[in-house]
């Protein structure tokens, strides 16, 4: 079975049209069609069927596309594993959320500058959904992402995630306020502030509100937690904030219980890629950091700032 044809089938399952697959790979639509037809002949099963002027995968095609994720990852792993003990050399592309970069990655990069000068780490800031897409398209080697226990992320079958640390979040409200678990229902009439670039905390807010018996009025979408504090201070709303993040005197972060809101950070890679020496080097450093620095001892800033 030709792995190039498997890759085209997998791309067709993701992009949904022969034309888009052809444009992505700089091929003609006819070439893509011929390769899929040849793959169908190899497997002995029809893989696509017409739907109007387009095509879609048959049940057999969808099953083979699912297998292709594992097969292609194994092929990648085999190629990268030819010399897994080679000296780490090359450019590692890392993308992630600001706090993950600041708390987890920058200490590793500083160490590598002294111990492995031939590893060049290029850093970009992305929210989890953006980073997942870039990993899947092989435009990143490593992503630092996050989710909430009330809004778990779904990286996809082609990616694998390793948890790094977790931290509790609370409800940021104008001070003074009693330092006791928040009565979320008491803020049913308040405007709510959520993240501007990721829906995870909005999903968590909506879950909290639903459990408290109301639908939140999402009024503001803000990426910077400093700006979230500005809005809370000015009386423009309430929103989730890290429980262990120092805030200004005008803001109180009330603990949340039953349920708690917990943010977990992850290191995410494409399946089969973690044996590449520069990536393995960084992953090992992140794992050691996770072991030696319990989440309770971390001062975590914000997903977005």
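The values are calculated or read from the model by the stated rules, or taken from the named source; none is laboratory data. These numbers were taken from a predicted model, which means no experiment stands behind them. All Cβ positions, even for glycine, are placed from backbone atoms using ideal geometry, and neighbour counts span all protein chains on display.
If residue 156 satisfies all but one of (1) without any contact (Cβ under 8 Å) to a residue 60 or more places away in the chain; (2) assigned to a loop (DSSP other than H, G, I, E, B); (3) over 15 Å from the mean Cα position of the chain (by Cα), what's the number of the condition it fails?
Of (1) without any contact (Cβ under 8 Å) to a residue 60 or more places away in the chain; (2) assigned to a loop (DSSP other than H, G, I, E, B); (3) over 15 Å from the mean Cα position of the chain (by Cα), only one is false for residue 156: (3).
So residue 197 clears everything in (1) within 24 Å of residue 93 (Cα to Cα); (2) in a loop (DSSP other than H, G, I, E, B); (3) touching a strand residue (DSSP E or B) at 6+ places or on another chain (Cβ under 6 Å) except one condition, right? Which one?
Here residue 197 clears every test but (3).
At pLDDT below 95, closer than 15 Å to residue 275 by Cα, surrounded by fewer than 18 Cβ atoms within 10 Å (Cβ to Cβ) and not assigned by TED's automatic domain parsing to the domain that holds residue 199 - does that describe any residue in the stretch 64-75?
Yes: the stretch 64-75 contains one or more residues that are at pLDDT below 95, closer than 15 Å to residue 275 by Cα, surrounded by fewer than 18 Cβ atoms within 10 Å (Cβ to Cβ) and not assigned by TED's automatic domain parsing to the domain that holds residue 199.
Please go through the stretch 20-33 and pick out each residue that is loosely packed, with under 14 Cβ neighbours inside 10 Å and more than 32 Å from the chain's Cα centre (by Cα).
Selection gives 28, 30.
Which residues, taken from the stretch 266-299, are closer than 26 Å to residue 221 by Cα and modelled with pLDDT under 95?
Correct list: 299 only.
Does residue 162 meet the test of being surrounded by fewer than 17 Cβ atoms within 10 Å (Cβ to Cβ), within 13 Å of the chain's Cα centre (by Cα) and in a strand (DSSP E or B)?
So residue 162 passes the test.
Taking residue 302 and the conditions (1) surrounded by 14 or more Cβ atoms within 10 Å (Cβ to Cβ); (2) at pLDDT 90 or above, which numbered condition does it fall short on, given that it satisfies the others?
Failing condition for residue 302: (2).
Read through the list (1) touching a helix residue (DSSP H, G or I) at 6+ places or on another chain (Cβ under 9 Å); (2) in a loop (DSSP other than H, G, I, E, B), then give the number of the only condition that residue 169 fails.
(2)
Taking only the stretch 53-76 into account, find how many residues are more than 16 Å from residue 33 (Cα to Cα) and over 28 Å from the mean Cα position of the chain (by Cα).
2
Which strands (runs of 3 or more DSSP E) sit wholly inside the stretch 233-274 and have at least 3 residues that are in contact (Cβ under 8 Å) with a residue 24 or more places away in the chain, over 17 Å from the mean Cα position of the chain (by Cα) and buried (at least 19 other Cβ atoms within 10 Å of the Cβ)?
238-242, 251-254
Within the stretch 24-47, which residues are part of a helix (DSSP H, G or I), modelled with pLDDT of 90 or more and closer than 24 Å to residue 156 by Cβ?
32, 35, 36, 39, 43
Pairs only if they're at least six apart or on different chains, beta carbon under 8 angstrom, first in the stretch 4-32 and without any contact (Cβ under 8 Å) to a residue 24 or more places away in the chain, second part of a loop (DSSP other than H, G, I, E, B); list them, first residue then second.
21/27; 22/28
(1) in a strand (DSSP E or B); (2) out of contact with any helix residue (DSSP H, G or I) (no Cβ under 7 Å at 6 or more places or on another chain): which one isn't true of residue 139, the others all being true?
Checking residue 139 against (1) in a strand (DSSP E or B); (2) out of contact with any helix residue (DSSP H, G or I) (no Cβ under 7 Å at 6 or more places or on another chain), the one that fails is (1).
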